[in-house]
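I have placed the structure first, in the form of structure tokens, so that the comments after it can refer back to it.
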Amino acid sequence: MRFPISVALGGLLALAGAGPAAAQERITFNVDMTFYGDNTEFFNPWREGETLLGTEGRLFFDVVLNEFVTVRGGLFGNHLFGDDDNFETVLPVIALHVQNDYARFVIGSIESGTREVGLGPDRQGPHGLLPPLQTESLAFSRPGEAGLQLTINRTRFEQETWINWQQLNTEVSRERFDTGIKGQVQLKAQLPVWFSYQYHLVHEGGQLFDLGPVGDSWAGGVGFVVELPGGPFDTQTAEVHGLVARDVPNRTARDARDTGHGFGLFTRYAAEKAGWRAHVIGWRARDFIKREGDGNYGSLHGGGRLTSLRHYFETGLSRTYRPANEMGIEFAARMHRIDTFHDYSFRILAKVDFDIPLRVPQRP
């Protein structure tokens, strides 16, 4: 898609300085850019390999009306290297943020916020969900989200709830959205044990136009995250989650692959030291089907055939550098054992994020 970005940015700059009331507000110009190279050398029946190489960026203005309200406006673009179009995706960045000391509500362009260096490749999905619920590469192949979002951050409690509207219900398509909740609660002060919960739903339907089946795919569960003593490392964490999934591709007709509820057990250990991070993942599941989930964890393969019992193991190593306050870069490599198959993947992720306060002269 070709788009006159220079014209649009010029209009936004003019809008930022327009009007006598603008001088009373605090305005910043923000640059948020992500450079990514993600290569998955998968040759197995559950997930196809792909190479994603490109850059995505948001250029936007924040107008702070007061300590509780911020209006955001700008542009988002995603460019895949080698694409015939300049930008594979161009979207507006329009959002209203209402916040207090511990909560923030967003309507419009929501914050996925997990394309940050240092998290590790297994936690860089759009909202940091466990990979069986939502594969991490969606942060690059489907960037830019809009809808509603509420985040809460307290000393011993944090939670994010969102709905991302992907597609409208029209004469040629069903509506599609995904929604989820992710949170954790510290069980006791000074005790490094967190009760964790996650849930994610993908829905296709709509009432305006009846085109194609109405379906739902959901999965979620609870678990515990333990912050272990650091020992020779800066940090060590261990976690376990029990998950339940149900995929109903057509509510009015039973699909041959619909075996009811699926179950899975997810475990992960991670250790960090001086910019290095190592992790190990173990997974065992039965009849686990989840749209948008990582296919290596699921029970569908070979054109939709069902393999009931699944085992998956992953180990990875990443290194993070921060050559500037506004920039970080992460290199990661992983080995994957998918039942009897062995594959590998690697990723390069760089992030540049800074803001420039603007001085708008007060008009008489």
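Each value in this text was obtained by applying a stated rule to the coordinates, not by laboratory testing. Model, not experiment: these values are computed from the prediction. Positions of Cβ are generated from backbone atoms using ideal geometry, with glycine treated the same way; all protein chains shown enter the neighbour counts.
Looking at 135, 313, 46, which one has the Cα that reaches farthest to the positive end of the dipole of the chain (charges on Cβ: Lys, Arg +1; Asp, Glu -1)?
Highest projection toward the positive end goes to 313.
For residue 237 and residue 333, calculate 0.36 nm times their separation in residues minus their Cα-Cα distance, and state this gained length in nm to one decimal. Working shown, then result.
Values: separation 96, 0.36 × 96 = 34.56 nm, distance 1.96 nm.
Result for the pair: 32.6 nm of gain on full extension.
Only sites in a loop by DSSP and with at most 13 other Cβ atoms within 10 Å count here; which GluC sites (Glu not before Pro) in segment 305-364 make the cut? Before the final figure, lay out the partial values.
Details: sites: 314, 326, 330; in loops: 326.
Here the GluC sites (Glu not before Pro) that fit, given the DSSP loop and packing criteria, are 326.
Determine the dipole magnitude for the chain: charges of +1 sit on the beta-carbon of Lys and Arg, -1 on that of Asp and Glu, nothing else is charged, the reference point is the Cα centre, and the result goes in debye to the nearest 20. Before the final figure, lay out the partial values.
On the way: 36 positive and 44 negative charges, 147 e Å.
Dipole size: approximately 700 debye.
List the trypsin sites (Lys or Arg not before Pro) within segment 190-296 that DSSP assigns to loop and that have no more than 13 neighbouring Cβ atoms inside 10 Å.
251, 254
Rounded, prolate or oblate, given the Cα gyration tensor of segment 234-364, with a/c below 1.5 counting as rounded?
Values: a/c = 2.86, a/b = 1.61, b/c = 1.78.
Oblate, since a/c reaches 1.5 and b/c is not below a/b.
Once Cα extents along the principal axes in Å is worked out from the coordinates, which option in (1) 83, 60, 56; (2) 73, 59, 43; (3) 56, 56, 34 does it equal?
(2)
So for segment 142-269, what percent of the C-alpha to C-alpha distances run longer than 21 Å? Show your work: numbers first, answer last.
Numbers: 4537 of 8128 pairs.
In whole percent, the long-distance tail amounts to 56.
Could you state the angle between the C-alpha long axis of helix 5-16 and the longest principal axis of the C-alpha atoms of the chain, as a value from 0 to 90 degrees rounded to the nearest 10?
60 degrees
Only Lys, Arg, Asp and Glu count, each charged at its Cβ (+1, +1, -1, -1), so figure out the dipole size of segment 235-347 about its Cα centre, rounded to 20 debye.
Values: 18 positive and 13 negative charges, 27 e Å.
Computed about the Cα centre, the dipole is about 120 debye.
Quick one: length gained pulling residue 71 to residue 26 fully straight, 0.36 nm per residue minus the C-alpha distance? If you can, show how the numbers build up before the last one.
Numbers: separation 45, 0.36 × 45 = 16.20 nm, distance 1.07 nm.
Extra length from residue 71 to residue 26 when fully extended: 15.1 nm.
By the scheme Lys and Arg +1, Asp and Glu -1, what is the net charge of all other residues having a beta-carbon under 13 Å from that of residue 175?
Working: positive: 174, 176; negative: 171, 178, 204, 210, 216.
Local net charge: -3.
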